[in-house]
Amino acid sequence: MARTHSDEEVDVLVVGNLNELFALNRALMETRFLADGVDAATRGSADLAHLHERVVESIKSSLISGGDTVGAARWVEWQQLERRVRELPAIVAYLETVWDLPLDDVSKRQAVENQLKPFSYPQEKLSELIRQLNSKR
């Protein structure tokens, strides 16, 4: 019987070192938030959002494992959404382009949560963004 892909399979991505994680984060930041001409399927990809979140968590874990708690703390600060002056407007701009698609409220909320990964934010900020998007309809 042929084996099929399953989300429960063992992870297959192995990143060689911390510098490769930094490079991968930079590429994900550019693709997900900053580059022009990225298609909506890529920009809105839940899988890419989850991968990005895992990359940032791996960076912090690697720094902590290496004894660099100051570096890990800097990444915690970096993750704060209110510090993301370039990315937040790009997130809102993308969501505005898809907000009128026939999605229910749960799907729209999930779309916002995916776009906000890998950043940290209070739940009120999530609600505020959803209200802002709904008001532009």
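The values are calculated or read from the model by the stated rules, or taken from the named source; none is laboratory data. Note that the structure is predicted; figures quoted are calculated from it, not measured. No Cβ is skipped: glycine too gets one built from the backbone with ideal geometry, and neighbour counts run over all protein chains shown. SASA here: full protein model, heavy atoms, side chains in, ligands and nucleic acids out. Shrake-Rupley method; radii C 1.70, N 1.55, O 1.52, S 1.80 Å.
Counting residues in segment 98-108 that are in contact with a Leu (Cβ under 8 Å, 6 or more places away or on another chain) and among the aliphatic types (A, V, I, L, M) gives zero. Glu30 falls short on exactly one of the conditions (1) free of Cβ contacts under 8 Å to residues at least 12 places away in the same chain; (2) part of a loop (DSSP other than H, G, I, E, B); (3) charged (D, E, K, R), and that condition is (2).
Where in segment 52-137 are there helices (runs of 4 or more DSSP H), lying wholly inside it, with at least 2 residues that are within 26 Å of Asp39 (Cα to Cα) and open to solvent by less than 20 Å² (accessible area, probe 1.4 Å)? Answer list for segment 52-137: 87-98, 105-116, 123-135. Scan segment 1-34 for residues that are closer than 22 Å to Ile91 by Cβ and either of a type in the set (Asp, Glu) or at pLDDT below 90 (or both) and the total you get is 1.
When only residues in segment 34-46 that are part of a helix (DSSP H, G or I) and over 11 Å from Lys117 (Cα atoms) count, which is nearest to the chain's Cα centre (by Cα)?
To start, the set of residues in segment 34-46 that are part of a helix (DSSP H, G or I) comprises 34, 40-43, 46.
Next, from what is left, pick out any that are over 11 Å from Lys117 (Cα atoms): 34, 40-43.
Details: Leu34: 13, Ala40: 14, Ala41: 14, Thr42: 12, Arg43: 10 Å.
Within segment 34-46, the match that is nearest to the chain's Cα centre (by Cα) is Arg43.
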